[in-house]
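The next block holds one structure in the form of structure tokens; read it before the comments.
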Amino acid sequence: MKGLPKVLFVDDQDEVLEDIKVQVSDVCDPYGATTSEEGLEIFEKEGPFTVVVSDQILPGVDGADFLAQVIRRDPHVSTMLLTGHANYADAMTAVNEGHVFRLLEKPYSPATLRDAIIAGKRQRDLMVAERVLLHETLVGAVNALTETLATVKPRFFGRAQRVKRLAGEIARYLEFPHPWQVETAAVFSQMASITLPEEEVEGAQPYAPYPGGQDLVRPFDDPIKRDSHLRILYGNLAPEGAVAKITGKEGLRFSGKAIVYESEEASLKGILDGEVEAGHVVVIRNEGPVGGPGMREMLSPTSAIMGKGLGKEVALITDGRFSGGSHGFVVGHVTPEAAIGGPLGLLQNGDPITIDAEKNELTLDLPEEEIKKRQDDWVRPEPKEKRGVLAKYAKLVSSASQGAITDEF
């Protein structure tokens with residue numbers, strides 16, 4: 001039902017599921033499953049869900065174990081367990097382990113169930129808000145305290161030979177055989193400046209003074225940039241966050257109209273064919289961990305934008321990733337990704353988008369009512385891979401905001 005939170009109920013009795021749906025249809029959009037396998041399939045296909053309610057005893061599996069699998073797929077979902085008096089102790093163990101948000105002891109009234117769903121929605125909203133606040137606080141503190149002291153890209157401040165010469169001089173001072181081991185020397189110098197067991201810093205050398213006259217590595221009192229170029233953005237286009245690499249030379253704010261592509265290949269063709277113009281925000285979606293599957297590097301589209309002379313006139317956002325070689329006004333790792341119902345999947349050509357690296361926001365400038373309508377109308381796309389290793393990966397992988405890991409399933 002449009003406008004209401006999605007709630008999944010799992011119980012092995014069809015008549016119980018039908019009664020529940022009738023009881024709660026005024027406060028949620030109910031889905032039902034009779035087994036844990038069916039429940040997980042619906043959870044992945046029809047999600048995201050706000051609340052998942054399971055009976056404690058399911059065919060072949062404990063309801064708490066099923067809810068634990070649900071939480072691994074979406075740590076923000078609110079989980080509830082329907083339990084009888086005889087199994088209450090086991091249910092409390094699941095609560096203490098963090099798999100269950102709330103217990104509902106049988107028999108329960110329709111009013112109690114509706115109140116629990118409303119409370120579950122509030123809990124999910126609170127968890128998302130707390131995570132955003134925590135990330136904004138931690139990342140903001142790190143960015144504010146991390147000066148940008150150097151850049152070794154040849155196009156900045158001189159040629160590659162200057163970088164090689166500087167690295168060579170430092171390496172010779174430290175008697176390292178290869179210039180690329182300068183990073184190791186830097187680590188040694190940091191270790192030597194604090195108190196550690198002697199055996200842990202044996203062989204460490206004090207870091208060499210930089211040669212006079214060089215300006216590739218700046219002092220702390222005169223950095224290239226007072227804070228980090230890496231920004232973590234949030235907003236209605238990235239509720240779980242996105243990563244931007246914005247040095248400031250592109251500006252700190254960009255507003256433009258979306259031009260949407262469903263893959264890296266489609267975007268590259270569109271850029272080269274002249275579809276992308278000044279003022280566009282290029283959207284490349286379905287390139288996240290699930291949609292890819294995997295997170296391919298979007299180096300070709302950004303290179304094509306620069307080659308077209310649009311580097312300062314166009315922005316690009318994606319649920320894929322970038323390499324260190326990408327530059328321009330680019331935002332990657334947008335989460336949740338489009339393939340699982342993230343806001344990136346709701347975008348249409350011409351939508352107004354704002355990227356603000358000062359407020360750390362990524363925003364779709366549309367009324368909330370329009371965004372909600374699109375969410376209700378969204379249909380999950382067919383997976384690109386249906387068999388083999390990549391299909392299995394897509395089913396197991398977590399959000400990029402959690403590291404796109406698979407080993408918790």
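Between Val61 and Arg122, how many nm apart are label points set 7 Å from Cα along the C-beta direction?
Taking the simple label geometry, Val61 and Arg122 are separated by 3.1 nm.
Quick one: which of 379-389, 336-346, 262-272, 66-76 comes out on top by average Cβ neighbours within 10 Å, and what's the full order, highest first? Let's see the in-between values first.
Values: 379-389: 11.1, 336-346: 24.3, 262-272: 18.1, 66-76: 19.6.
The most tightly packed comes first, giving 336-346, 66-76, 262-272, 379-389.
Rank Ser323, Ser54 by accessible area, highest first, at a 1.4 Å probe radius? Before the final figure, lay out each step's value.
Numbers: Ser323 25, Ser54 0 Å².
Order by accessible area, largest first: Ser323, Ser54.
Stretch Glu37-Ser109 to full length: gain in nm at 0.36 nm per residue minus the Cα-Cα span?
This chain segment gains 23.2 nm when fully extended.
Convert each backbone phi in segment 8-24 into a coupling constant with the Karplus relation 6.51 cos²θ - 1.76 cosθ + 1.60 (shift: θ = phi - 60°), then list the ³J(HN,Hα) values in order as whole Hz, x for Gly and Pro.
Using θ = phi - 60°, the values come out as 9, 10, 10, 8, 7, 10, 4, 5, 5, 4, 5, 5, 4, 4, 5, 5, 10 Hz.
The values are calculated or read from the model by the stated rules, or taken from the named source; none is laboratory data. None of these values were measured; they are calculated from a predicted model. Cβ sites come from the backbone with ideal geometry, for glycine too, and all protein chains shown count toward neighbours. Each accessible area value is taken on the protein alone, full model and side chains, heavy atoms only, with ligands, DNA and RNA left out. Shrake-Rupley method; radii C 1.70, N 1.55, O 1.52, S 1.80 Å.
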